[in-house]
1. From the list Val564, Val573, Val584, pick out the single residue that is out of contact with any strand residue (DSSP E or B) (no Cβ under 6 Å at 6 or more places or on another chain), in a helix (DSSP H, G or I) and surrounded by fewer than 14 Cβ atoms within 10 Å (Cβ to Cβ).
2. Would you check if there is a residue in segment 195-210 being part of a loop (DSSP other than H, G, I, E, B) and of a type in the set (Asp, Glu)?
3. In segment 216-240, what residues are touching a Ser or Thr at 6+ places or on another chain (Cβ under 8 Å), in a helix (DSSP H, G or I) and either of a type in the set (Val, Ile, Thr) or in contact (Cβ under 8 Å) with a residue 24 or more places away in the chain (or both)?
4. Scanning segment 103-124 for residues that are under 14 Å from Ile77 (Cα atoms) and in contact with a helix residue (DSSP H, G or I) (Cβ under 7 Å, 6 or more places away or on another chain), which turns out surrounded by the most Cβ atoms within 10 Å (Cβ to Cβ)?
5. Taking Lys184 as the residue in question, decide whether it is in contact with a Ser or Thr (Cβ under 8 Å, 6 or more places away or on another chain) and surrounded by fewer than 21 Cβ atoms within 10 Å (Cβ to Cβ).
6. Those residues that are surrounded by fewer than 19 Cβ atoms within 10 Å (Cβ to Cβ), out of contact with any strand residue (DSSP E or B) (no Cβ under 7 Å at 6 or more places or on another chain) and not in a loop (DSSP other than H, G, I, E, B), I need them from segment 241-263; list them, please.
7. For residues that are surrounded by 13 or more Cβ atoms within 10 Å (Cβ to Cβ) and without any contact (Cβ under 8 Å) to a residue 12 or more places away in the chain, tally how many sit in segment 296-318.
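The values are calculated or read from the model by the stated rules, or taken from the named source; none is laboratory data. Computed from a prediction, not measured in an experiment: that's the story for all the values here. FYI the Cβ positions are ideal-geometry reconstructions off the backbone, even for glycines, and counts take in every protein chain you see.
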Amino acid sequence: MKLFGLTAKRKLLSEQQEALLTQERAAFEGLQMALQSFGADVSPADTHTLDESIAHLGELFLLVIAGEFNSGKSSFINALLGDKVVAEGVTPTTDRITLLRYGATATETPLGDFMVERQFPADALQRMVLVDTPGANAIIRRHEELTREFIPRADLVLFVTSADRPFTESERGFLEVIREWGKKVVIVLNKVDLLEDDERLQVEQFIRENVTRLFGFTPEILAVSARTAQRARISGDEAEWKRSRFDEVERYIFETLDEEERIRLKLSSPLGVAQRLCDKYLQVVEGRMELIQQDVATIENIERQLDLFRDDIANDFHYHETEVANILADFELRGLQFFDDTIKVTNIPRMVRDSDGIRAQFEQQVVAEVPQQIETRTQALIDWMIEKNLRLWQSIMEYLRREKVPQHRDGLIGDVGGSFEYNRSALIDSVAHSAQAVVETYDRETESRALAEEVRGAIAGSALVGIGAVGLGALLVALLHTAALDFTGILAAGVLAIGGLYLIPNKRRQVKKQFRERIADLRSKLQSTIQRAFENELAQMLVRIRDAIAPYTRFIRSQREQLVNVQRKLSDVDVELERLRDAVER
């Protein structure tokens, strides 16, 4: 009869235990869902371990016998079961996990390449399943791996160490693995027949002190001689049985591990597994959040560079805009002075007969190099903008190259990294590569020429041809031509003496006013047209850069949102597991 099985013997559980079992399953399912958020980055071994722990809730109590090769595990099991059930030897004899269950007859059933189930009619097996594991620290490393992989399923671990070499460094490492899974461990000090009583007490004290110091718990120690116990069972010699001290093991297994204690350990054991996995992936999330924060800082830094780039362009445009305004202001002053010098009574004959000469003089003295000066100033702004754009691409490329491999990458937990690390690195590399391609193919002259054509095209398309760089003088000289016609009419009427003194100053004021209006209109349209052309080009530059880093930006934002969500789920599960552990302990 099976004395403990949460699925088959639910009547053995109290209502409180049933409720705890239900709550544990719900917590484990929550952990499974949280881990699914990691996708391919979850270790298959961790997924398998969690699935096994959930499934194991419905099995008999699993008492796992572990220890190093030649510590006497097999002889201990045979002494406990009262027969030679498992092979013994001075060389590694166990290369598989062996599940020992109760059965009316001795049978053996393979459960896979590395696991076998044996049934045997021993009273101890009615209470639990004994698990014989391959010895740790043997030459065949796969043996130790099998044991390490099975440990998470254990409800209790009896760790066997030999009295002739107790608590070695390798045993310390193996015990650390067991404790990491939150398993209860009882130390079996075997082969004490090799020691005197005072020596045995010294060895027990040595083990107790070191386990307490290293692992923070005071272990129960069962000091026995399994070989002596086997001989005593065969011979029936009570004195030899007493010398074996094996009655302590039987008291522990059949009395201390009563039904209530086995249920408590059965409920507690998978909580340790779940908490270890929860803690592991919480650390993974925290490590990734640190990386993501670096990435967010990278994106913010790039955005700051783009803002500075835009501000620099605006400031420099204002400088060049002022220079253009100064050119037009000087032009205006020269024009006004020219009208003062030309439109006067003493110059009427020349205005009438030599309008072409005056126009030529105006173009030479007033218009002069104004179109070229405006063109030169605009070209200087274009060249600066092109150079600034190139430097921006270079800085982004170099910055991303530095961020590709973070210094604390080794700080990530376990073998988790996978697609997150690959995708992040690939995206950074892709964006940096795109920036590098732009830098390598960047032709300043071509870019400058293209932008200059756009600016000229914008000016041409704004109906400024007549007063732009190609025909500014002709339009303004037309004002003089109108004045000359007026003067011609005055002379033809013979009224110069009467109206000339009044008409000429008035015409001069009229011409100067029109000239100022034309210059103001030119200044306004020219500046707004150039500004609009540069703003369009600036917007296109920023769009190209943001489009280039968009995949990286989207990845970081989506990952941050996902990590915050997973962190919340794992934290909720962690709190629930801690609550359940407290409830089970109570």
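1. On the way: Val573 fails: surrounded by fewer than 14 Cβ atoms within 10 Å (Cβ to Cβ); Val584 fails: surrounded by fewer than 14 Cβ atoms within 10 Å (Cβ to Cβ).
Criteria check complete, one pass: Val564.
2. Initial filter on segment 195-210 (part of a loop (DSSP other than H, G, I, E, B)): 195-196.
From the residues that got through so far, the ones that are of a type in the set (Asp, Glu) too are 196.
Yes, segment 195-210 contains a residue that is part of a loop (DSSP other than H, G, I, E, B) and of a type in the set (Asp, Glu).
3. Across segment 216-240, the qualifying residues are Ala226, Arg227, Thr228, Ala229, Gln230.
4. If we take residues in segment 103-124 being under 14 Å from Ile77 (Cα atoms) and in contact with a helix residue (DSSP H, G or I) (Cβ under 7 Å, 6 or more places away or on another chain), then Phe120 is surrounded by the most Cβ atoms within 10 Å (Cβ to Cβ).
5. Numbers: in contact with a Ser or Thr (Cβ under 8 Å, 6 or more places away or on another chain): yes; surrounded by fewer than 21 Cβ atoms within 10 Å (Cβ to Cβ): yes.
Criteria met by Lys184.
6. Trp241, Lys242, Arg243, Asp247, Glu250, Arg251, Phe254, Glu255, Thr256, Glu259, Glu260, Glu261, listed by residue number.
7. Step one: of segment 296-318, the residues surrounded by 13 or more Cβ atoms within 10 Å (Cβ to Cβ) are 296, 298-299, 301-303, 305-306, 309-310, 312-314, 316-317.
Applying the additional criterion that residues be without any contact (Cβ under 8 Å) to a residue 12 or more places away in the chain yields 303, 314.
Counting residues in segment 296-318 that are surrounded by 13 or more Cβ atoms within 10 Å (Cβ to Cβ) and without any contact (Cβ under 8 Å) to a residue 12 or more places away in the chain gives 2.
For every residue, the table says whether it meets (1) surrounded by fewer than 19 Cβ atoms within 10 Å (Cβ to Cβ); (2) of a type in the set (Phe, Trp, Tyr); (3) part of a helix (DSSP H, G or I); (4) not assigned by TED's automatic domain parsing to the domain that holds Gln527.
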site: Ile374; (1), (2), (3), (4): no, no, yes, no
site: Glu387; (1), (2), (3), (4): yes, no, yes, no
site: Ser395; (1), (2), (3), (4): yes, no, yes, no
site: Tyr399; (1), (2), (3), (4): yes, yes, yes, no
